[in-house]
Amino acid sequence: MAKQTVVRYTTKDEAAAKENQRLIEAVFADLAAQQPAALSSYDVAVLDDGRSFVHVAVVDGDANPLLELESFRTFSSTVGERADAPPVAVTGEVFAAHP
């Protein structure tokens, strides 16, 4: 069964938001190059305030391939420096999806 993780946080300011986007783009470049099969989808949205981000990852199986990417580890290890509060993450099983 696929698992979905949703993470939400707000960056401290516009400069932190731009750095956040740069780091996310590096993750997506690695994903494009590596195409991990276990990652069904990974979407990141920046909300209308320009500083709040929502990440949604759907993973088939127990191991999240994002955690294997150096770019994702870099992004994750420094997100606390860019966010005004710790990110909030929730995980659950996907029971319905629409392509």
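Subtracting the Cα-Cα distance of VAL6 and LYS18 from their residue separation scaled by 0.36 nm leaves 2.2 nm. Relative to the longest principal axis of the Cα atoms of the chain, the long axis of helix 14-34 lies at roughly 30 degrees. Computed from Cα positions, the angle between helix 70-82 and the longest principal axis of the chain comes to roughly 40 degrees. Within the accessible surface of the chain, defined with a 1.4 Å probe on protein heavy atoms only, the carbon and sulfur portion equals 54 percent.
Entry note, the chain: the mean residue ellipticity at 222 nm calculated from DSSP H runs of n ≥ 4, each adding -39500 (n - 2.57), is -11500 deg cm²/dmol after division by the residues and rounding to the nearest 500. Taking every pair of distinct Cα atoms and averaging 1/r, then inverting, what Kirkwood hydrodynamic radius in Å comes out for the chain? The answer is 14.0 Å.
Just need the relative contact order of the chain here, percent rounded to a whole number, with Cα pairs under 8 Å and 6+ apart. Write down the numbers at each step before the final one.
Values: 153 pairs, mean separation 47.3, N = 99.
RCO, the chain: 48 percent.
The values are calculated or read from the model by the stated rules, or taken from the named source; none is laboratory data. This one's a predicted model, so the numbers in the text were calculated from it and none came from an experiment. Calculation scope for accessible area: heavy atoms of the full protein, side chains included, ligands and nucleic acids excluded. Shrake-Rupley method; radii C 1.70, N 1.55, O 1.52, S 1.80 Å.
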